[in-house]
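All remarks here apply to the structure that follows.
The values are calculated or read from the model by the stated rules, or taken from the named source; none is laboratory data. What you see is a predicted model, and the numbers here were worked out from it, not measured in a lab. Cβ coordinates were reconstructed from backbone atoms using ideal geometry, including for glycine residues, and neighbour counts include every protein chain displayed. Accessible surface is based on the protein model in full, side chains and every heavy atom, while ligands, DNA and RNA are left aside. Shrake-Rupley method; radii C 1.70, N 1.55, O 1.52, S 1.80 Å.
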Amino acid sequence: MKQNVHLITLGVADLDVSAHFYEALGWQRAENCPPELVAFNLPTAVLGLYPRSKLEEDTGFTFSGSSAAIMLSCNQSSRDEVDVVMQAAKAAGARIVQPAHDVFWGGYGGYFADPDGHLWEVAFNPFSKLGPRDEFQWGGF
């Protein structure tokens, strides 16, 4: 298997509510999606929203609890950008799990949960600068 992730799919309780949340963050829907899926193109992958019940039906896997033990991270170019994203997430209806703060490894970040409880980290990592299309590589570009 090649070392790559092309699509991250979040199983959601209400597709319209979840789509509205991400659109309120300023994300743009990809065109030509089937009606039961909402996709957002990212610089190197796609974030998909899919009804959780349909995901369970398609995969034969039953998800327990509100979400799996996974965290999605979105790095920013500065501390100020972290604060802007955290404010936008709160305004869009996110639950702030931990406000942005200085972290032990020398960066700055905070955590929020989307309407389905998916955990997001928003961080500025001064040791891993983003690429020209906001790409992230451990150790920077």
> Within region 37-95, can you find the residues that are of a type in the set (Ser, Thr, Tyr) and within 29 Å of residue 131 (Cα to Cα)?
Replying inline: 44, 73, 77, 78
>> So, in region 1-21, how many residues would count as being out of contact with any Gly (no Cβ under 8 Å at 6 or more places or on another chain), touching a residue at least 60 places away in the same chain (Cβ under 8 Å) and open to solvent by less than 80 Å² (accessible area, probe 1.4 Å)?
In response: 5
> Which one of these is open to solvent by less than 30 Å² (accessible area, probe 1.4 Å), under 29 Å from residue 138 (Cα atoms) and in contact with a Cys (Cβ under 7 Å, 6 or more places away or on another chain): 89, 39, 45, 94?
Replying inline: 39
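Scan region 46-94 for residues that are charged (D, E, K, R) and modelled with pLDDT of 95 or more and report the count. Please lay out each step first, then the result.
Here is the first cut: in region 46-94, the ones charged (D, E, K, R) are 52, 54, 56-58, 79-81, 83, 90.
Applying the additional criterion that residues be modelled with pLDDT of 95 or more yields 79-81, 83, 90.
Residues flagged as charged (D, E, K, R) and modelled with pLDDT of 95 or more within region 46-94 amount to 5.
Any residue at all in region 41-53 that's polar (S, T, N, Q) and assigned to a helix (DSSP H, G or I)?
Within region 41-53, the first condition is being polar (S, T, N, Q), and the residues that meet it are 41, 44, 53.
Then keep just the ones that are assigned to a helix (DSSP H, G or I); that gives 53.
Within region 41-53 (the criterion being polar (S, T, N, Q) and assigned to a helix (DSSP H, G or I)), the answer is yes, since at least one residue qualifies.
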> Taking region 37-65 only, how many residues are out of contact with any strand residue (DSSP E or B) (no Cβ under 7 Å at 6 or more places or on another chain) and hydrophobic (A, V, I, L, M, F, W, C)?
Replying inline: 2
> Restricting the search to region 12-36, which residues are in contact with a strand residue (DSSP E or B) (Cβ under 6 Å, 6 or more places away or on another chain), at pLDDT below 95 and under 23 Å from residue 64 (Cβ atoms)?
Replying inline: 12
> Looking at region 67-94, which of its residues are of a type in the set (Gly, Ala, Ser) and more than 25 Å from residue 33 (Cβ to Cβ)?
Replying inline: 69, 77, 78, 91
